[in-house]
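The values are calculated or read from the model by the stated rules, or taken from the named source; none is laboratory data. Being a predicted model, the structure only gives us computed values, none of them experimental. No Cβ is skipped: glycine too gets one built from the backbone with ideal geometry, and neighbour counts run over all protein chains shown.
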Amino acid sequence: MEAVLAEPLLIGDYMTANPADPDAVDPKVYEECGSYEKVGKKFNDLLLDYNESEGNKEMSLVLFKDALWHLTKIHRIVRFPRGHALLIGYGGSGK
């Protein structure tokens, strides 16, 4: 019998990020981020910081499980030098 994960592993280096603090050091620690709830709280906190910053137009996002999974993958791609991805989908599919 195969072991089945209840949730996919979310691995990244954004759990210690604090872009709102200009004096914060970004250690870029690549680690398991935990559950969807923990990752969702982190991204919602970052979104709140962004929305409260002066000069930024407010974003109203719903971060459901699939969105958190994709954000984790996109973040990993963007953080690597010369990272890139290919988006495939039908026109109007939200890609």
(request) Taking the options 77, 88, name whichever one is exposed (fewer than 13 other Cβ atoms within 10 Å of the Cβ) and in contact with a His (Cβ under 9 Å, 6 or more places away or on another chain). (result) 77
(message) Only one of 94, 55, 83 is part of a loop (DSSP other than H, G, I, E, B), at pLDDT 85 or above and at positive phi. Can you tell me which?
(response) 55
(request) Kindly list the number of the only condition in (1) assigned to a helix (DSSP H, G or I); (2) within 22 Å of residue 79 (Cα to Cα); (3) touching an Asp or Glu at 6+ places or on another chain (Cβ under 7 Å); (4) not charged (D, E, K, R) that fails for residue 46. (result) (3)
(request) Take the residues in the range 9-33 that are of a type in the set (Val, Ile, Thr) and assigned to a loop (DSSP other than H, G, I, E, B), then tell me which one is surrounded by the fewest Cβ atoms within 10 Å (Cβ to Cβ). (result) 25
(message) Looking at 71, 61, can you tell me which residue is among the aliphatic types (A, V, I, L, M), free of Cβ contacts under 8 Å to residues at least 40 places away in the same chain, surrounded by 10 or more Cβ atoms within 10 Å (Cβ to Cβ) and in a loop (DSSP other than H, G, I, E, B)?
(response) 61
